[in-house]
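**Q** Following this message is one structure expressed as structure tokens.
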Amino acid sequence: MAPVRDRRSPNQPPAPSAAPRLLAVSHPAVTNVNQGVYRELARRGWEVTIVVPRRWRHDYSSAPVTPTALRGLEGALRPTPVAFAGRQQRHLYLARCRALAARARADVAFVEAEPYALAAAQWRRALAGLGIPWGVQCYENIDRPLPAPVRRLRATVLRDAAFVAARSRSAARLAAVWGARGEIGLAPPAVPAWESARAADEHANGHTSDPTGKDDGACRDATRDGGARDVGAPALSDSACLGGPREAGAGERGDRRASTRPFTIGYAGRLVQSKGLLDLLAAVRRLPAPVELLLIGNGELRPQLEGQPIPGGRVRIIDHLTHARMAEGYAQLDVLALPSRTTPTWKEQLGRAIVEALWCGVPVVGSDSGEIPWLIELTGGGLTFPEGDAAALAERLGTLRDDPALRLRFARAGRETAERIFSVSAATDALERLLVGAAPSCATPAQQRTAMGIRFDAATAATTITACPATSAAVHPDTD
């Protein structure tokens, strides 16, 4: 069965004034910071319907998450009960998916799930039955052994999908290996527009206080001059990084506490063995006092990490930040570390915390697991080290601690690239190209503009940033 494409007759196009209709099925969009691309599509003239779980759990907080909409998407969300909330590959929607899709009257659909996820198979059946072209995302970057039924499920989804939104170059290559027949485009995720997401989160929860108790302003102070340039990226001053990102916006305040605070190393994500956090603890213990280690998240390693002694202090863990407020966590850091370790079934699929930290002006140090070296090389935002080598990690952290000017260079380079590739506008360009490719009748004149994009050449495994026509930037892996 070939991928489902737009089945409408070319002799019967929609009226020029008709808005193209997108149905998105997205467990990430239960958190409003992950709705930015959909809001941007709505701003560009799409009629967007987003099916999200009614309740979810995520890595940064121990509290369950309920969906809230960004301003402009209030009528777009369709909260739906799910089984196994928080299980990204195993959750299922407890609803008649075909009926939901039919009510959306979509021209094209995007299931924001891996091709082997149960939700992808569930929605494939519903969308194929209605003749709606659809696509999936792919973060998976390791060809790990899977049970035969799961391999068959993945093969069927990739066979029938009109497109695959690959989140990294390895994911793009593997999607082709696993049998994708539709277009494969490199479509990285967007960094949240922190201020707008934070405002929506505060409005939904009825408070505006800083949960860290510090009210450092996060990226808010850093964005005061220029605003988010997707709104856009915040302006980065020398003072923002020379003394550490926590000092952003503090110049006129004369923040004495910031000028004397310990060098702060941070991590954001799941507190699990594969993230290399025991290596990070060992590396920090090699540094001279004083130093702080702040872990943002929750997980099985928490009892082994929280309160552990380090030079001049103890390990701190916070788990009460919603994703919409994560910029406030990054604002407390001088450097973000992502010391992931490869396992037989997993390696780092992107390192989204790296991109988010760079967006907030925080340089990074990452292991050479999975996509981390590619991402750090692409952004120019930091240093890498051999995974599992605590001594090498300590050396990289010490280099950044001792060289504020180097931290500033990494922060500036990283944020510039994050803006070009991972901003809401850039991420929307990449996804919109795939949507229009699957349903050409949805194309509008605005989509013919020249846009910054990422091209992937599977033959050389090379990734380059180019200014290219929007219609050609989504590249099938077997073409240039």
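**Q** Assign one of three labels to region 108-153, namely rounded, prolate or oblate, based on the Cα gyration tensor with a ≥ b ≥ c the square roots of its eigenvalues; rounded applies when a/c is under 1.5, prolate when it is not and a/b is larger than b/c, and oblate otherwise. List each step's numbers first, then the result.
**A** On the way: a/c = 3.26, a/b = 1.71, b/c = 1.91.
Verdict is oblate for region 108-153.
**Q** Where a ≥ b ≥ c are the square roots of the eigenvalues of the C-alpha gyration tensor, would you call region 278-413 rounded, which needs a/c under 1.5, or, failing that, prolate if a/b is larger than b/c, or oblate?
**A** Details: a/c = 1.17, a/b = 1.11, b/c = 1.05.
The shape class here is rounded.
**Q** For ARG169, tell me the accessible area in Å² from a 1.4 Å probe, rounded to the nearest 10.
**A** Here the residue's solvent-accessible area equals roughly 70 Å².
**Q** Same structure again: Quick one: work out Rg over Rh on the C-alpha atoms of region 258-310, Rh as Kirkwood radius.
**A** Computed over Cα atoms, the ratio is 0.97.
**Q** Next up: I need two numbers for region 353-405: Rg to one decimal and Dmax as a whole number, Cα atoms only, in Å.
**A** Every Cα atom of region 353-405 included, Rg and Dmax give 10.8, 28 Å.
**Q** Counting only the backbone N, which residues of region 286-305 are under 19 Å from the spot 7 Å out from the Cα of ASP403 toward its beta-carbon?
**A** 287-288
**Q** Hey, can you rank 176-184, 47-55, 108-116 by average C-beta count inside 10 Å, highest first?
**A** 108-116, 47-55, 176-184
**Q** Something else now. Restricting things to alpha carbons, find the Rg to Rh ratio for region 380-434 using the Kirkwood radius for Rh.
**A** Result for region 380-434 is an Rg/Rh of 1.18.
**Q** A further question follows. Please give, to one decimal in nm, the separation of the simple spin-label points placed at ARG144 and ALA95, each 7 Å out from Cα toward the Cβ.
**A** 2.9 nm
**Q** With no solvent and one point on each alpha carbon, what is the Debye value of log10 I(q)/I(0) for region 57-102 at q = 0.31 Å⁻¹?
**A** Relative scattering, expressed as log10 I(q)/I(0), comes to -1.12.
**Q** Something else about it: For region 258-401, which whole-number percentage of the solvent-accessible area (1.4 Å probe, protein heavy atoms only) is attributable to carbon and sulfur atoms? Walk me through the numbers on the way to the answer.
**A** Working: 2150 of 4290 Å².
C and S atoms contribute 50 percent here.
**Q** For region 63-187, what % of the accessible area comes from carbon and sulfur atoms, probe 1.4 Å?
**A** Summing carbon and sulfur atoms, their accessible area is 51 percent of the total for region 63-187.
**Q** Using the Kirkwood formula over every pair of different C-alpha atoms, what hydrodynamic radius in Å results for region 75-177?
**A** On the way: mean 1/r = 0.0705 Å⁻¹.
Result for region 75-177, one decimal place: 14.2 Å.
The values are calculated or read from the model by the stated rules, or taken from the named source; none is laboratory data. Fair warning: this is a prediction, and the values are worked out from it, not measured in the lab. Cβ atoms come from the backbone with ideal geometry, glycine included; neighbour counts cover every protein chain shown. Only protein heavy atoms, including side chains, enter the accessible area calculation; ligands, DNA and RNA are left aside. Shrake-Rupley method; radii C 1.70, N 1.55, O 1.52, S 1.80 Å.
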